[in-house]
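Below: one structure, written as structure tokens.
What follows is calculated from the coordinates using simple rules that are stated; it is not laboratory data. Keep in mind that this is a model prediction, so the values were computed, not measured. Here the Cβ is made from the backbone with ideal geometry for all residues, glycine too, and neighbour counts use every protein chain on show.
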Amino acid sequence: MNHLSGREAGLHKGVVYALLAAALFGASTPFAKMFVGHVSPVALAGVLYLGSGIGLLICFLARALIQGGGTDKPAALARPDLPWLAGAVAAGGVAGPLLLMIALRLMPASSASLLLNMEGVLTSMLAWFVFKENFDRRIFAGMVLIVAAGALLSWEQVPALGVPWGAFAILGACLCWAIDNNLTRKVSASDPLQIAMVKGLVAGAVNIAIALGLGVALPDTSTVLAAGAVGFCGYGLSLVMFVLALRHLGTARTGAYFSAAPFVGVAISLIMLAEAPGATFWIAALLMGGGIWLHLTESHGHEHVHDTMEHVHAHSHDSHHQHEHDPAWDGSEPHAHPHRHVPLTHSHPHYPDIHHRHEH
């Protein structure tokens with residue numbers, strides 16, 4: 001058996017995680033729109049995030065009861081992770097939604113939809129040029145096709161943007177979410193359920209506090225429960241999948257796959273409204289499919305060096321994890337514990353995952 005087969009399987013899992021994250025988030029959009037007009041945007045953002053955090057907290061506690069003291073528990077967030085996570089929550093859970101709410105007061109939602117596609121672009125730009133994540137022409141071309149598809153889906157509905165202040169606020173929100181995505185990658189080796197839970201609880205509490213501070217009335221109990229359920233699936237479970245994808249694929253590639261979310265939302269909206277999709281929809285679908293195909297068929301392999309590294313995450317003993325254990329280890333895999341990677345030079349196909357963040 002090839003000693004890299006487990007690693008290659010992990011790469012394919014990353015693609016599945018990213019597409020699941022996009023599908024969950026995209027599917028939540030048509031349902032979230034049902035509350036628009038009945039609930040203040042700030043309060044709605046708070047309920048969605050809080051529903052995500054509370055739902056994941058229940059899952060977190062249930063998992064702890066089931067696992068007990070076993071060695072197969074995911075790696076918990078550690079003190080060095082906290083500054084990265086705090087930055088991600090502040091940027092993506094607080095500043096981003098606040099800027100979006102400001103923008104929606106200044107411009108039509110249809111215009112905002114077009115500009116929101118800039119999140120994927122800015123996420124990749126930061127990953128490539130600030131955090132030095134690897135990319136090639138094939139990946140760049142795939143990203144261009146995916147973003148073009150998202151833009152085309154909303155282009156038919158976009159009136160003149162008018163005064164640009166709303167557009168600037170949307171771009172600021174997209175930049176905040178791009179920063180969030182790149183900072184979250186820094187902690188993606190830790191427990192994704194815990195990461196998403198903390199982000200949901202903190203962002204939800206802050207947005208609810210902002211709504212109350214502005215004198216906004218909170219919705220009734222049935223609306224809170226319904227919106228919370230949408231938030232749990234579309235924000236909570238989606239974020240868990242997104243963090244897992246970051247671990248396997250890196251930020252830019254995960255962001256590219258996640259850009260399929262608007263397409264999922266539009267497709268579900270067409271089904272719910274029983275509308276026949278027009279030519280624009282099918283052209284966008286073709287562009288989206290082409291971009292995803294370019295990413296799925298990527299093959300990036302070369303001789304590379306793994307420097308000495310110490311970290312903690314859930315792992316099995318593959319070619320990248322050859323280390324000793326104390327006698328108390330019961331042999332179960334995957335398991336999580338602090339471990340040290342010794343220098344290693346080899347060649348195989350790989351993505352910029354948590355073990356392949358090297359220069360080219």
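Annotations for the structure displayed:
- With a cut-off of 14 Å between beta carbons, the residues surrounding Y235 carry a summed charge of 0, where Lys and Arg count +1 and Asp and Glu -1.
- Environment charge of D81, counting only residues whose C-beta is closer than 11 Å and scoring Lys/Arg +1, Asp/Glu -1: +1
- Neighbour-count ranking [beta-carbon atoms within 10 angstrom, fewest first] of T254, T223: T223, T254
- Within-13-Å neighbourhood charge of G255 [Cβ basis; K, R +1; D, E -1]: -1
- Exposure proxy shown here: for E119, E133, the number of other Cβ atoms within 10 Å sets the order, fewest to most, as E133, E119.
- Sorted by Cβ neighbour density within 10 Å, fewest at the top, the residues I271, I54: I271, I54
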